[in-house]
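The values are calculated or read from the model by the stated rules, or taken from the named source; none is laboratory data. If you're wondering where the values come from, they're calculated on a predicted model, not measured in any experiment. Positions of Cβ are generated from backbone atoms using ideal geometry, with glycine treated the same way; all protein chains shown enter the neighbour counts.
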Amino acid sequence: MSPPVITLLTDYGLEDEFVGACHGVIAGICPGARIIDLTHGVAPHDVRGGALRLRSALPYLPVGVHVAVVDPGVGSDRRGVAVQCLDGRFFVGPDNGLLWPAIQASGGATDLVDLAESPVRLQAVSATFHGRDIFAPVAAHLAAGRALEEVGEPLDPEVLIGLELPVPLVADGRLRATVLLVDRFGNLGLNCRDEGAELGLRPGAEVAIQSHRARYVRTFADAAPGELLLYEDSNGFLAVAVNQGSAAVRLNVKAGNELEIGPAETNKSGSA
């Protein structure tokens, strides 16, 4: 049989011992598990960014136990949970919306447990490091074959916290989009799929992004170095980039900011 898979996604970074400690806890309980580090580079406290990265990676991950920890409410009355989904996946982490998109993509939750008094948590539990003391040991026990009801107190899955995402708006010949993610290259992931087509935006066309001219291209190589571009990213969403540069720097934007996009000729003032 294939070894059980545990994936980890956090905002811990790699400078400290946090990720290694979680690996160590898992190895001590389920030494045969294969651990996949999705990323530990989620921006600190960025629940939405972590949720979207987990959801994006999900189609490429084996069915297993998926741990996500972006937890600005650690130590508060927010729940820590473990969830079993219709497709057989388990998700473990804080119930703050972080797990929600991935749970929905996995067919929805069939079973849910509260981990506050989990019998498999480490003793004593730190008020600030539930990734090590609660989520890692729970994930390891699930990967080792322990039943969900053995690691926590059952709850109605309906109580899970959802995650609302901003909705793009098409009006007056323009698309008002929200930057959901900024990756390490400075590329801007937007909350849009087909809305650009409603405006007649197609690869090869000139577009206006804020007061900047850009081109809608299929891939980075279709633009000159330093050129601002609009493209469809690997998950099918519209995104903005600068070939061999940073769109975040060029446009002076960050996650949560809005961008106005339209055909170049509809730009209000029009500047390159």
**Fill in**
Every listed condition ((1) surrounded by fewer than 16 Cβ atoms within 10 Å (Cβ to Cβ); (2) modelled with pLDDT of 95 or more; (3) over 22 Å from residue 4 (Cα atoms)) holds for residue 129 save (1)
**Message:** Taking the criterion of being within 12 Å of residue 10 (Cα to Cα), of a type in the set (A, V, I, L, M) and surrounded by fewer than 19 Cβ atoms within 10 Å (Cβ to Cβ), would at least one residue in the range 43-54 satisfy it?
**Reply:** yes
**Residue in the range 234-245 that is out of contact with any Gly (no Cβ under 8 Å at 6 or more places or on another chain), without any contact (Cβ under 8 Å) to a residue 12 or more places away in the chain, closer than 22 Å to residue 165 by Cβ and not in a loop (DSSP other than H, G, I, E, B) present** = no
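Residues checked against (1) touching a residue at least 60 places away in the same chain (Cβ under 8 Å); (2) out of contact with any helix residue (DSSP H, G or I) (no Cβ under 6 Å at 6 or more places or on another chain); (3) surrounded by 15 or more Cβ atoms within 10 Å (Cβ to Cβ):
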residue	(1), (2), (3)
146	no, yes, yes
149	no, yes, no
158	no, yes, no
163	yes, no, yes
168	no, no, yes
173	yes, no, no
179	yes, yes, yes
186	yes, no, yes
203	no, yes, no
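Assess whether residue 13 counts as being surrounded by fewer than 16 Cβ atoms within 10 Å (Cβ to Cβ), in the same structural domain as residue 137 (by TED's automatic domain parsing) and at positive phi. Working first, answer last.
On the way: surrounded by fewer than 16 Cβ atoms within 10 Å (Cβ to Cβ): yes; in the same structural domain as residue 137 (by TED's automatic domain parsing): yes; at positive phi: yes.
Taking the combined requirement at face value, the residue satisfies it.
Do you know which of the residues in the range 67-108 that are small (Gly, Ala, Ser) and surrounded by fewer than 23 Cβ atoms within 10 Å (Cβ to Cβ) is modelled with the lowest pLDDT?
Going residue by residue through the range 67-108, those that are small (Gly, Ala, Ser) are 68, 73, 75-76, 80, 82, 88, 93, 97, 102, 105-108.
Remaining after also requiring surrounded by fewer than 23 Cβ atoms within 10 Å (Cβ to Cβ): 73, 75-76, 88, 97, 105, 107-108.
Values: 73: 95, 75: 91, 76: 94, 88: 97, 97: 98, 105: 97, 107: 98, 108: 98.
Among those that are small (Gly, Ala, Ser) and surrounded by fewer than 23 Cβ atoms within 10 Å (Cβ to Cβ), it is 75.
If only one of 65, 69 is of a type outside the set (Ser, Thr, Tyr) and either under 21 Å from residue 158 (Cβ atoms) or over 13 Å from the mean Cα position of the chain (by Cα) (or both), which one is it?
65
Suppose we keep only residues that are among the aliphatic types (A, V, I, L, M) and closer than 25 Å to residue 237 by Cα within the range 55-66. Which one would you say is surrounded by the fewest Cβ atoms within 10 Å (Cβ to Cβ)?
Residues of the range 55-66 that are among the aliphatic types (A, V, I, L, M), as a first pass: 57-58, 61, 63, 65.
Narrowing further to those that are closer than 25 Å to residue 237 by Cα: 57-58, 61, 63.
On the way: 57: 17, 58: 19, 61: 15, 63: 13.
Only one residue fits best here, namely 63.
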**Item:** Residue pairs meeting the criteria (Cβ under 9 Å; at least 6 apart or on separate chains; first under 17 Å from residue 29 (Cα atoms) and of a type in the set (Phe, Trp, Tyr), in the range 110-135; second assigned to a helix (DSSP H, G or I) and modelled with pLDDT of 95 or more)
**Value:** 135/22
**Request:** Find the residue count for the range 167-212, including only residues that are touching a Gly at 6+ places or on another chain (Cβ under 7 Å), in a strand (DSSP E or B) and among the basic types (Lys, Arg).
**Result:** 1
**Message:** Just checking, does the range 216-228 include any residue being crowded, with 19+ Cβ neighbours inside 10 Å, touching a helix residue (DSSP H, G or I) at 6+ places or on another chain (Cβ under 7 Å), of a type in the set (A, V, I, L, M, F, W, C) and farther than 22 Å from residue 53 by Cβ?
**Reply:** yes
